[in-house]
1. List the residue pairs whose Cβ atoms are under 9 Å apart, where the first residue sits in segment 113-137 and is over 18 Å from Tyr151 (Cα atoms), the second is among the acidic types (Asp, Glu) and not in a loop (DSSP other than H, G, I, E, B), and the two are 6 or more positions apart or on different chains.
2. Within segment 116-130, does at least one residue satisfy the condition of being aliphatic (A, V, I, L, M), in a helix (DSSP H, G or I), modelled with pLDDT of 95 or more and buried (at least 17 other Cβ atoms within 10 Å of the Cβ)?
3. When the residues of segment 184-238 are narrowed to those that are modelled with pLDDT of 70 or more, among the acidic types (Asp, Glu) and assigned to a helix (DSSP H, G or I), which ends up surrounded by the fewest Cβ atoms within 10 Å (Cβ to Cβ)?
4. If a residue counts only when it is more than 28 Å from Glu185 (Cβ to Cβ), which helices (runs of 4 or more DSSP H) contained entirely in segment 1-114 have at least 3 such residues?
5. Counting just the residues of segment 10-51 that are farther than 25 Å from Leu71 by Cα and within 19 Å of the chain's Cα centre (by Cα), which one comes out surrounded by the most Cβ atoms within 10 Å (Cβ to Cβ)?
Amino acid sequence: MPECDEGAVSVIIPARNEEANIARVVRSVASQEGVREILVVDDQSSDGTPAILEGLKRQRPVRRWRRVESLPAGWTGKAHALAMGAREAAGDWLLFTDADTEHRPGSLKALLERAERDSADLLSVSPGQRVLTWWEKSVIPLVYAHLARLYRFEDVSNPESAAAAANGQYLLIRREAYERAGGHEAVRAEILEDVELARRVKAAGGRLIFLPGAGWVETRMYASFREMWQGWTKNLYLLYGGRLGRMFRAFAEVALLDLALPMAFFALCLMMALGRASAAMALVAVVIFLAGLGGGGGGNGGGWRPGV
């Protein structure tokens with residue numbers, strides 16, 4: 001693992017039953033330029049994660065790993081694991097990243113340089129999403145089209161906007177800003193601790209940068225349809241402040257603009273190609289096409305996008 005000067009990055013990885021992923025993420029991080037140390041916090045894993053971490057420690061990519069034996073009252077497991085790692089970290093920058101991510105070569109150097117150049121206090125990216133099954137390919141793009149409308153990169157990154165968000169799969173933050181915002185202790189009961197931490201950083205006057213990250217980091221969040229359903233329904237419900245009506249209206253809009261209108265447009269195009277469409281139907285096709293262009297919330301530089 002590359003050794004760096006004082007002020008480099010401490011990488012903190014929370015892990016719970018991640019035997020399928022932990023070696024990959026640790027090795028992909030260990031190869032990065034700018035890493036001072038890697039700290040893995042094992043959140044009471046019951047699979048082979050601890051044994052794998054012991055092996056990685058002997059190979060020296062993991063500087064330290066700690067096991068959570070019990071969860072204090074009032075904390076979520078992930079926030080507690082991240083707080084434990086942050087307390088032991090020595091770097092001036094902290095990178096919180098999930099165990100199911102894989103970091104591309106050179107990603108940390110490029111993103112740290114971007115953060116330093118733009119005087120950012122917190123930089124987060126939305127990783128590219130590996131979609132291998134039909135249900136991932138059907139659902140994940142729809143979810144990310146929805147997120148593109150909810151959290152736009154340019155709004156979050158604009159100091160004049162109140163919009164704040166971050167993706168905990170890759171969250172790079174100055175220690176100074178982390179402590180000023182209260183760290184994970186201040187968001188200890190939050191399921192979406194990443195978004196809440198970003199809000200606290202921005203509210204305290206910190207600068208956020210939020211970027212599409214498929215070129216730097218990849219992840220496959222869920223290995224089964226059941227996991228995906230439970231994860232996204234919970235997260236989206238919370239992202240909309242627990243307001244089911246607002247969430248369902250947003251999804252209806254996404255379904256209309258991103259599915260129904262394109263399907264209607266292509267159906268009319270097919271009819272015209274077969275000579276079965278009138279001039280009026282051709283006009284309807286043009287109107288549908290223009291409506292789709294006007295309604296697409298993602299656009300150039302929109303919101304979170306999957307790297308499919």
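The values are calculated or read from the model by the stated rules, or taken from the named source; none is laboratory data. Computed from a predicted structure; not experimentally measured. All Cβ positions, even for glycine, are placed from backbone atoms using ideal geometry, and neighbour counts span all protein chains on display.
1. Between residues of segment 113-137 that are over 18 Å from Tyr151 (Cα atoms) and residues that are among the acidic types (Asp, Glu) and not in a loop (DSSP other than H, G, I, E, B), the close pairs are Asp121/Glu176; Arg130/Glu102; Arg130/Glu136; Arg130/Glu218.
2. There is no residue in segment 116-130 that is aliphatic (A, V, I, L, M), in a helix (DSSP H, G or I), modelled with pLDDT of 95 or more and buried (at least 17 other Cβ atoms within 10 Å of the Cβ).
3. Glu185
4. 22-30, 49-59
5. Ranking the qualifying residues of segment 10-51, first place goes to Val29.
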